[in-house]
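To start, the structure under review is shown below, and the notes come after it.
Read the figures in this text as sums done on the coordinates, not as results from a lab. Keep in mind that what you see is a predicted model, and the values were worked out from it rather than measured. Quick reminder, even Gly has a Cβ in these numbers, built from the backbone with ideal geometry, and neighbours come from all protein chains shown.
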Amino acid sequence: MYVLGGSQTNLEFRYKTASELYHKGICKGIWILSRPGITECSVFLGRNLTDNEWSILKLKELGVPDDCIEPIEVKKRFFGTFTEAKGISSLIKKRGYKSLLLISSPEHLYRAEISFDKYL
């Protein structure tokens, strides 16, 4: 399963959906877009979380084990979804997977489907 990138608000919704599907046994792991940068402050750590730390923490709060979450780096280019599709499709072929479940917001899925269909 791959969760397409987005804003924190969108990602929280997407991570909830991904975790529900994970807990139903639909997939064995969750790929997330590795994003550079920092986000909200963690009182516990005494610093701002990186975007990846924030994403992993959100999925762990939803019961997804650490070892089932994999941040995937995608070469940054101008067209986000298209770039994600190219990078993730290449990784799927490299690892020999036969299918991919995409998690995104409803208004974004059509664009994601077109982008991934180009490479898969």
With label points set 7 Å from each Cα along the Cα-to-Cβ direction at ILE72 and HIS23, the distance between them in nm comes to 2.4 nm
Once you've got the GNM for the chain with C-alpha springs shorter than 10 Å, pick whichever of ARG47, ARG35, ARG14 has the biggest mean-square fluctuation.
ARG47
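Taking 0.36 nm per residue of separation and subtracting the Cα-Cα distance, what length does fully extending LYS16 through LEU45 add?
Details: separation 29, 0.36 × 29 = 10.44 nm, distance 2.39 nm.
Taking LYS16 through LEU45 to full extension adds about 8.1 nm, to one decimal.
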Report Rg(Cα)/(2.2 N^0.38 Å) for the chain, keeping two decimals.
1.04
Which ³J(HN,Hα) values, rounded to whole Hz and listed in residue order, are derived for segment 39-50 from phi using the Karplus coefficients 6.51, -1.76 and 1.60 in 6.51 cos²θ - 1.76 cosθ + 1.60 with θ = phi - 60°, glycine and proline given as x?
9, 4, 7, 9, 5, 4, 8, x, 7, 6, 7, 6
